[in-house]
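Chemist: Dumping the structure here so I can ask a few things about it.
What follows is calculated from the coordinates using simple rules that are stated; it is not laboratory data. Since this is a predicted model, take the numbers as computed values, not measurements. Every residue, glycine among them, receives a Cβ derived from its backbone with ideal geometry; neighbour counts consider all protein chains shown.
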Amino acid sequence: MPYGPDVLSFLQLIRSFPLRYPLLATASAVVAGMAFLVGGQALAAPATSFTPAQRAEIVGIMRDALQNDPSILTDAIRAIREKAEEQKQDSTLAAVKAHQSELQTAPDFAIRGNPHGRITVVEFYDPRCSYCRSMMGEVDSFLSRHPDVRLVEKVVPVLGNNSVLDTRAIFAASAQGKYEAMRRALMADTTKPSMERIVELAQANGIDVKKLTADMSSPQTVALINTNLDQGRAVGLDGTPTFIFGTAAVAPGALEADQMDAFLERARKA
């Protein structure tokens, strides 16, 4: 159905601000896709069946409805967003299932909890990510509560050069059996990232600095980083931290204990 001049002006206005006002951009899609409702009935008849007066009345009804009850538009926007999230989750889970073997595989040093656990949880994290850092204690507690969980860690440097530097140091330390020590040292450290600081932390944790420095540029370290990044891309990783519970749920962002337990329960029932 063609829109009247008032509706067209409204659409043109909100479409002109798609980046600055994303909510309005979403609203334009809602308005463009919704049928006009009068008395609870959708008007799907062609425009030729309406007189100019009738079209003006429809526009007036629509305007009054949105002004008097803005929740109409809010509910429509919420429904669109929820549907988009469902579709995105379905797409991501399909990718997780397609790449399940690779995602749940990692070197022994990157596996925590029960190495033979019935349920595998994958965590993508960046060592410089503040949310990842805040989840460290939560993840420790989660593993303590659930002795049947096998946690696979995937370090992905997605936040720039400092992330790359720390990730290289973490993987290089793994060659000396010090992956966990370096991971925790760097993620607990609040000092400005630098090679000098990595050397200090390495010395404090009994790590051979000369070997660490060499291993930070080794083919093995580069391969480990690229493998994790490739897997993140394969499942459409949006950010860190991101947790994958079996093949049942993908949960981005920092989680609370009850949320983690609920996702785990979903994976157990899948």
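Chemist: Jot down the radius of gyration and Dmax of the stretch 124-270, Cα atoms only, both in angstrom.
Modeler: Cα radius of gyration and Dmax of the stretch 124-270 are 15.7, 49 Å respectively.
Chemist: Separate question: Based on the mean of other Cβ atoms within 10 Å per residue, sort peptides 187-198, 249-260 so the most packed one is first.
Modeler: 249-260, 187-198
Chemist: Figure the gain on full extension for residue 162 and residue 259 (residue separation times 0.36 nm, minus the Cα-Cα span) and round it to one decimal in nm.
Modeler: Computed gain between residue 162 and residue 259 is 31.9 nm.
Chemist: State the Cα centre-to-centre distance between the stretch 107-125 and the stretch 165-241 in whole Å.
Modeler: 18
Chemist: Can you work out the Karplus-derived ³J(HN,Hα) for every residue in the stretch 227-240? Use 6.51 cos²θ - 1.76 cosθ + 1.60 with θ = phi - 60°, whole Hz, and x for glycine or proline.
Modeler: 4, 5, 5, 4, 5, x, 5, 4, 9, x, 4, 8, x, 10
Chemist: Given a Förster distance of 41 Å, report the FRET efficiency between residue 72 and residue 148 from their Cβ-Cβ distance, rounded to the nearest 0.05.
Modeler: Using R0 = 41 Å, I get an efficiency of 0.30.
Chemist: So how long is each side of the stretch 206-270 along the principal axes, counting just the alpha-carbon atoms, biggest first, in Å?
Modeler: 47, 30, 20
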